[in-house]
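The block underneath contains the structure these notes are about, expressed in structure tokens.
A short reminder: the numbers here are calculations on the coordinates, not readings from a lab. Here the structure is a predicted model, which is why all the values come from computation and not from measurement. Reconstructed Cβ throughout: ideal geometry from the backbone, glycine too, with neighbour counts over all protein chains shown.
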Amino acid sequence: MASPTPAQPGAAHQGRILVVDDNRMNRIKLAHMLQEQGHTVALAADGNEALQLLRQGPADQRFDVVLLDLLMPELDGFQVLETIKGDQALRDLVVIVISALDEMESIVRCIELGAEDFLPKPFEPVILRARLKTSLERKKMRDLERAYLQQELMLRQSEKLATLGRLSAGVAHELNNPVAA
């Protein structure tokens, strides 16, 4: 199990990314490239390790993006993707599949299971950078929208409680002053 590796000094933090690939060299290559771009990176060698890393830690320190290989032993990428999208706590996580398995049926299946994007191996680093940037921006907007809706809900509840308090105070006043009633 690999703990997150912070971004290189001087690089702005972009996002927390989990790289899931059974090939050690692929993991190292991706991690190095992502750290140079300012991302914080953690590595998982298989699907089980990936799910364990995704479920640990406080919600505000979880990953923003998972870069997921499909062809892995035990728990393959399709199963990991299906588990992520079926888990209430993880379903909003951005998953980008990077795989040598590039037939149309696999690509369609990944998108239908909820992957944000699919890149065939070997991938073009410039395209990965662009797709990561777009995915992180969309995630940030969804997170802001969710926070806004949560604040709006709390504000409405506060207003209802305040109205109920005023109503209770009015009723109590009327009951204590029967002459005025």
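Rule-of-thumb check for the chain: C-alpha Rg over 2.2 N^0.38 Å?
Compactness ratio reported: 1.48.
Nearest 500 deg cm²/dmol is fine: what mean residue ellipticity at 222 nm does the chain get from its DSSP H runs of n ≥ 4 alone, each adding -39,500 (n - 2.57), divided by its residue count?
-17500 deg cm²/dmol
If I model the range 14-77 as equal point scatterers sitting on the Cα atoms and use the Debye formula, what is log10 I(q)/I(0) at q = 0.15, 0.17, 0.28 Å⁻¹?
-0.42, -0.54, -1.22
How compact and how long is the range 102-181, expressed as Rg and Dmax of its alpha-carbon atoms in Å?
27.2, 86
Report the paramagnetic label zone for Leu153: residues of the range 107-143 whose backbone N is under 17 Å from a point 7 Å from Cα along the Cα-to-Cβ axis.
So the set is 142-143.
What distance in nm separates the two pseudo spin-label positions at Glu36 and Lys121, each 7 Å out from Cα along the beta-carbon direction?
Going from the Glu36 label point to the Lys121 one covers 2.0 nm.
If you take every DSSP beta bridge whose two residues both sit in the chain, what share of them, in percent to the nearest 5, is antiparallel? Could the numbers behind the result be given before it?
On the way: 1 of 18 bridges.
Taking every DSSP beta bridge with both residues in the chain, the antiparallel ones total about 5 percent.
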